[in-house]
Every structure is written in structure tokens, then in C-alpha cells.
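The structure under discussion appears below in the form of C-alpha cells.
A short reminder: the numbers here are calculations on the coordinates, not readings from a lab. Please read all numbers here as calculations on a predicted model, not as lab measurements. Here the Cβ is made from the backbone with ideal geometry for all residues, glycine too, and neighbour counts use every protein chain on show.
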């Protein structure tokens, strides 16, 4: 009996790990797609990375935008956005999935090829699965001085 219980626990833990690992690549892919779309000024792709939910939020430079205001600001910003040639590197990934939700933190280094400026940030994302696809619900970006 003890052997059966231990075996079931081991199999359950293995399946949970496998599911979590199988979600890592799609989660990283949507975060990468969001940033690449922002750099390319590709509004359609950028918006497709987000879950269209009333509680979506973006916290950047100490200001928070959420809900309908978020979509209005995104529409306004994207109306004049121009492509930027950037190289982005993400490290220190921490991904925690719980069913249909994920919390992700990472460090990002972005180098602008034209201005030669480098931005380093600590970032967080909250994602939800929508129709089987990971979508961003919340972004927090804290830039290093």
C-alpha cells in the first residue's frame, strides 16, 4: 500500500513538472512576441499578445494604467509609434504556473541600435490561458537608473 501511494505521488509530481515545463516555451514566446511587436510598431501583433479583459494592467515608470484606460492609452500611443531597431536579452527567468495562470519575472536588457542606449529592467508578467493560448494580462516594468 505504501509503495502504491509513493508511486502515485511520484507520477503525479512528474506530470505536474512536465506540464509546467511544457508551458514555459509558449509563455516565453508570447513575452518575446509582445516585445518584438512593440519594437516593430506592429500594433496588431502587440495587441494579440494581450488578453482582452477589463482587469488588464500596465505599471511602468511609477504609473499604472488598467481596464478601458489601458486600451485607450495603447491606441493613442500606437497611433504615432515608429519602429525601433533593438536587441533584447532576457535572463533570470522565474516562471510559476498554476493551471490556467502564470506569474513570470525576468531581467531584460534592451539595446537601441540607433541611439546606442541600453535600458535594463526588472519585469513581471501575469498571464492567463485564453482558448488554449497564453495571453498577457498585466505588465510591470521597473527600469534601472
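Alpha carbon centre of segment 29-46 versus segment 117-145: separation in Å?
For segment 29-46 versus segment 117-145, the Cα centre distance is 12 Å.
Can you classify segment 48-97 as rounded, prolate or oblate using the Cα gyration tensor, where a ≥ b ≥ c are the square roots of its eigenvalues, rounded means a/c under 1.5, and otherwise it's prolate if a/b beats b/c and oblate if not?
It comes out oblate by the Cα gyration axes.
Taking the DSSP beta bridges in the chain as the whole, what percent of them are antiparallel, to the nearest 5?
In the chain, DSSP labels about 90 percent of beta bridges as antiparallel.
Counting only helical runs of four or more DSSP H residues, what would the 222 nm mean residue ellipticity of the chain come to if each run contributes -39,500 (n - 2.57) and the total is spread over all its residues?
Rounded to the nearest 500, it is -14000 deg cm²/dmol.
For the chain, find the longest principal axis of its Cα atoms and tell me its angle to the long axis of helix 67-80, 0 to 90°, nearest 10.
Result, in degrees: 50.
Can you give the FRET efficiency to the nearest 0.05 for residue 112 and residue 72, using r as the Cβ-Cβ distance and R₀ = 22 Å?
For residue 112 and residue 72, the calculated efficiency is 0.25.
Which shape class, rounded, prolate or oblate, goes with segment 78-134 when its Cα gyration tensor gives a ≥ b ≥ c as root eigenvalues, a/c under 1.5 marks rounded, and past that a/b bigger than b/c marks prolate?
In terms of gyration-tensor shape, oblate.
Please determine, in degrees from 0 to 90 and to the nearest 10, the orientation of helix 2-40 with respect to the longest principal axis defined by the Cα atoms of the chain, where the helix direction is its Cα long axis.
Between helix and principal axis, roughly 10 degrees.
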